[in-house]
Amino acid sequence: MDEIQPSTIMGRRQKIALGIGIALLILFSGPRLDSDLGNEWIVGDERALIIAHRGGADIFPENTMIAFEGAAMIGVDMIEMDFQLTSDNRLITMHDDTVDRTTNGTGLVIDMTLEELLDLDASAKFSNLTGGNPWNESHLPPVTIEEVLDRFIDSPHRLSLEIKNEGDAGAISAEIISQEVKNRSMQERVEVGSFHIDSIHAFREISGGEIATSGVESEIRKCILIPMLQLDRWWLDPGPASVLQIPTEGGGFNLATEGVVNRAHQHGQAVQYWTINDKEMMEHLIDIGADGIMTDNPILLRQAISDAGYDLPQPWT
């Protein structure tokens with residue numbers, strides 16, 4: 001047997017070490033994959049978007065045209081609203097499954113026709129921050145999706161639409177939203193979300209990936225925890241979860257950090273926080289580079305944005 005020279009042994013060891021090093025490099029430094037449409041919702045060096053939650057529920061009767069128009073007149077970038085399906089397969093703006101909390105009626109939305117719902121007063125139980133109701137007995141009905149889109153088709157605003165139904169009703173809602181948005185060529189100005197994974201999956205399939213969607217809870221958990229563990233470099237693909245709409249805390253974690261925002265941006269995901277009505281937290285989220293802040297009080301958020309030295313969106317009528 002020929003004698004193996006020390007230099008040969010060292011050469012083999014170096015090759016093995018080099019191979020292991022290359023394998024580890026591939027394992028932990030793979031390509032960063034972007035979400036499908038999230039880059040269009042990242043604000044970059046600009047300020048956070050002012051998002052009027054339900055149209056500004058501390059100031060106006062939520063999910064009414066008065067709220068949506070009022071938020072626009074105050075000056076916001078984006079208006080958030082909720083949609084429920086009626087018994088005759090129409091979509092109206094309503095957060096709850098029932099009409100009891102916000103209107104002068106009772107019952108499930110899904111059991112009522114559009115005509116019955118439009119007879120209700122969605123301002124009946126409203127109370128603003130001072131305990132008043134300037135719209136008392138004025139009869140403000142909920143709004144159809146067609147009315148909302150037609151009203152804001154020529155505005156500068158983006159819209160955040162939430163599907164409240166699940167199952168078959170959620171799929172019907174998804175189809176209506178997709179069709180109505182596409183009919184008006186508003187795809188780039190709309191993001192759609194839902195807490196129901198079946199509803200958001202249905203929307204993504206029906207819309208053909210042309211409209212940005214926010215992640216559901218399981219997607220958000222994955223897109224936050226995996227980057228926290230530094231495992232995202234080699235296998236995380238956010239896919240259609242283009243926007244992370246999240247609270248400031250969740251699962252025992254502080255989510256209102258620059259790290260959360262920056263890691264999301266590395267995967268082409270925008271981060272929008274809900275529902276922020278405290279000025280100190282608003283200022284913090286502005287400071288860490290949040291892409292959007294959802295609030296019931298857009299007047300207070302405008303003040304926080306102004307105090308941070310940013311220009312404000314112009315009022316629109």
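Applying the selection to region 278-302, what residues are among the polar types (S, T, N, Q) and either closer than 30 Å to Asp237 by Cα or touching a helix residue (DSSP H, G or I) at 6+ places or on another chain (Cβ under 7 Å) (or both)? Break it down into steps so the answer makes sense when it comes.
Initial filter on region 278-302 (among the polar types (S, T, N, Q)): 295, 297.
Once the filter is applied, which keeps residues that are among the polar types (S, T, N, Q) and either closer than 30 Å to Asp237 by Cα or touching a helix residue (DSSP H, G or I) at 6+ places or on another chain (Cβ under 7 Å) (or both), region 278-302 yields only Thr295.
Part of a helix (DSSP H, G or I), over 19 Å from the mean Cα position of the chain (by Cα) and not β-branched (Val, Ile, Thr), is that true of Asp168?
yes
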Among the numbered conditions (1) under 30 Å from Glu40 (Cα atoms); (2) surrounded by 13 or more Cβ atoms within 10 Å (Cβ to Cβ), tell me where Gly167 comes up short.
(2)
Please state which of the following conditions Ile226 fails to meet, knowing it meets all the rest: (1) of a type in the set (A, V, I, L, M, F, W, C); (2) at pLDDT 95 or above; (3) surrounded by fewer than 23 Cβ atoms within 10 Å (Cβ to Cβ); (4) not in a loop (DSSP other than H, G, I, E, B).
(2)
If Ile246 satisfies every condition in (1) in contact with an Asp or Glu (Cβ under 8 Å, 6 or more places away or on another chain); (2) at pLDDT 95 or above; (3) within 30 Å of Leu33 (Cβ to Cβ) but one, which is the exception?
(1)
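Looking at this structure, is Leu236 farther than 24 Å from Val181 by Cα and not charged (D, E, K, R)? Show your work before the answer.
Numbers: farther than 24 Å from Val181 by Cα: yes; not charged (D, E, K, R): yes.
Criteria met by Leu236.
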Collect the residues in region 71-80 that are surrounded by fewer than 24 Cβ atoms within 10 Å (Cβ to Cβ) and in contact with a helix residue (DSSP H, G or I) (Cβ under 7 Å, 6 or more places away or on another chain), keeping them in residue-number order.
Ile74, Gly75
Selection within region 245-275 - within 13 Å of Gly289 (Cβ to Cβ), out of contact with any Gly (no Cβ under 9 Å at 6 or more places or on another chain) and not in a loop (DSSP other than H, G, I, E, B):
Gly259, Val260, Arg263, Gln266
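The values are calculated or read from the model by the stated rules, or taken from the named source; none is laboratory data. Keep in mind it's a predicted model, so treat the numbers as computed, not measured. Backbone-built Cβ (ideal geometry, glycine too); neighbour counts: all protein chains shown.
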